[in-house]
1. What number of residues in segment 128-141 are buried (at least 20 other Cβ atoms within 10 Å of the Cβ) and either within 30 Å of Leu213 (Cα to Cα) or in contact with a Gly (Cβ under 9 Å, 6 or more places away or on another chain) (or both)?
2. Based on this model, can you work out whether Thr162 counts as surrounded by 14 or more Cβ atoms within 10 Å (Cβ to Cβ), of a type in the set (Val, Ile, Thr) and in contact with a Lys or Arg (Cβ under 8 Å, 6 or more places away or on another chain)?
3. Would you be able to tell me the number of residues in segment 238-248 that are of a type in the set (Val, Ile, Thr), closer than 21 Å to Arg182 by Cβ and touching a strand residue (DSSP E or B) at 6+ places or on another chain (Cβ under 8 Å)?
4. Within segment 267-287, can you find the residues that are within 16 Å of Arg299 (Cβ to Cβ) and out of contact with any Pro (no Cβ under 6 Å at 6 or more places or on another chain)?
5. Would you be able to say whether some residue in segment 71-86 is of a type outside the set (Val, Ile, Thr) and over 30 Å from Pro325 (Cα atoms)?
6. Of all residues in segment 99-127, how many are surrounded by 14 or more Cβ atoms within 10 Å (Cβ to Cβ) and more than 24 Å from Ser280 (Cα to Cα)?
7. Please work out if Gly22 is outside the structural domain of Glu246 (by the TED database), within 19 Å of the chain's Cα centre (by Cα) and modelled with pLDDT of 95 or more.
8. In segment 180-190, what count of residues is obtained for those that are buried (at least 16 other Cβ atoms within 10 Å of the Cβ) and either at pLDDT below 95 or of a type in the set (A, V, I, L, M) (or both)?
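The values are calculated or read from the model by the stated rules, or taken from the named source; none is laboratory data. If you're wondering where the values come from, they're calculated on a predicted model, not measured in any experiment. All Cβ positions, even for glycine, are placed from backbone atoms using ideal geometry, and neighbour counts span all protein chains on display.
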Amino acid sequence: MTDHEPQIWSNSGVTTDLIVCGLGPAGRALAHRALAQGFSVTVVDPHPDRRWTATYGGWADELPHWLDRRVLAATVERPIAWGTRRFEIDRRYVVFDTAALRDSLTLDAARVIAARATAIEHGSFRMKRPARVHLSSGEILTARRAIDARGISRSPAHAEQTAYGVVVPETIWNEPLFMDWRPDSGAAPDQTPSFLYAIPLGHNRFLLEETCLAGRPALPLSTLRTRLHHRLHTRGITLQGTEPTEHVRFPLQGGHPSPHRFGAAAAMLHPATGYSLTTSLATADTLTGPTGKTIHLLRTAGLRSLLALPPTTLPAFFDIFFTLPPHHQRAYLSSTNPRTTATAMLALFTALPWPLRRTLATATLGLHSPNRTPDRK
């Protein structure tokens, strides 16, 4: 939307600038920043007052200038990663205070409607046709623009990320780990691997989470729970069974780049990592996502590569990734520039041994559809 658009609509009877459908982190950030820019906003969500329970992290260099830093629960200056050996990542990692983040994205001036959007018709400025949002109540809302921020629906055809975590005191664990692929989870070598993610939550607490990075289907939570307990026991930690837990399952595929979508719905979720929050926050002022079709295709190729890798090769794959120059690592994980992303992917590819290159080339070209089926023991 631009400054002259209200003049275009002055005789149309449309008084609302923007309707945002979906009040997860992406939708709420978008609506909050639209209000800050002076737009009139209506938000639609079946449960607009629902609290967020997930734990969110991201890279500090992606945070927008307007974000109140008091929403950060913890900062890790140089995260540690393990493939078959230890690496220090030269990039600051942050963990959000989820409740504080949500509360900071105020919607005081918005019209809030507790309903489900059943259909979204996108308008046309040229034709002076407003956007229309059909609600489960039967009501139809109109605005100059409507954006779908309702996320992605699960499907057996979509790869997913799953994780099972427990929250423990820092007296039990105090080492931040971005990714730990060491083979002490109890999984057999030929089974789908998982890694340990360990991050501070503030208030002397740590989240320890066993994570299946990507799977179609992904590892079940029961398997991840067993592996986490085994891994921690191997490292001298016995859980009491009363620790707070976190369950994670979300699709990595299904979003489509579009100016009428935002967040995961707009393919702003990185399909090879599962990260999307900081991208949504950083681009909320633009009222559209940064992910074009080319970058989406490149990232999807990266996901196909991960799904195609034999289980025994994943730790070595990440060894090679974390030996790349920091600018290539950042480009692969975060860049929305197709050229820098492709350059980083090529650098990773050429650093791999020939057998892995052949596997990744086949997957990237889409010559087959990897469908790793995890052992459900």
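1. Residues that pass the stated criteria total 2.
2. Values: surrounded by 14 or more Cβ atoms within 10 Å (Cβ to Cβ): yes; of a type in the set (Val, Ile, Thr): yes; in contact with a Lys or Arg (Cβ under 8 Å, 6 or more places away or on another chain): yes.
It is true that Thr162 is surrounded by 14 or more Cβ atoms within 10 Å (Cβ to Cβ), of a type in the set (Val, Ile, Thr) and in contact with a Lys or Arg (Cβ under 8 Å, 6 or more places away or on another chain).
3. Counting residues in segment 238-248 that are of a type in the set (Val, Ile, Thr), closer than 21 Å to Arg182 by Cβ and touching a strand residue (DSSP E or B) at 6+ places or on another chain (Cβ under 8 Å) gives 1.
4. Met268, Leu269, His270, Pro271, Ala272, Thr273, Gly274, Tyr275, Ser276, Thr278, Thr279, Ser280
5. Of segment 71-86, the ones of a type outside the set (Val, Ile, Thr) are 72-74, 77-79, 81-83, 85-86.
Imposing the further condition that a residue be over 30 Å from Pro325 (Cα atoms) reduces the set to none.
Within segment 71-86, not a single residue is of a type outside the set (Val, Ile, Thr) and over 30 Å from Pro325 (Cα atoms).
6. Total meeting the criteria: 1.
7. The answer is yes for Gly22.
8. Looking only at that region, the number is 1.
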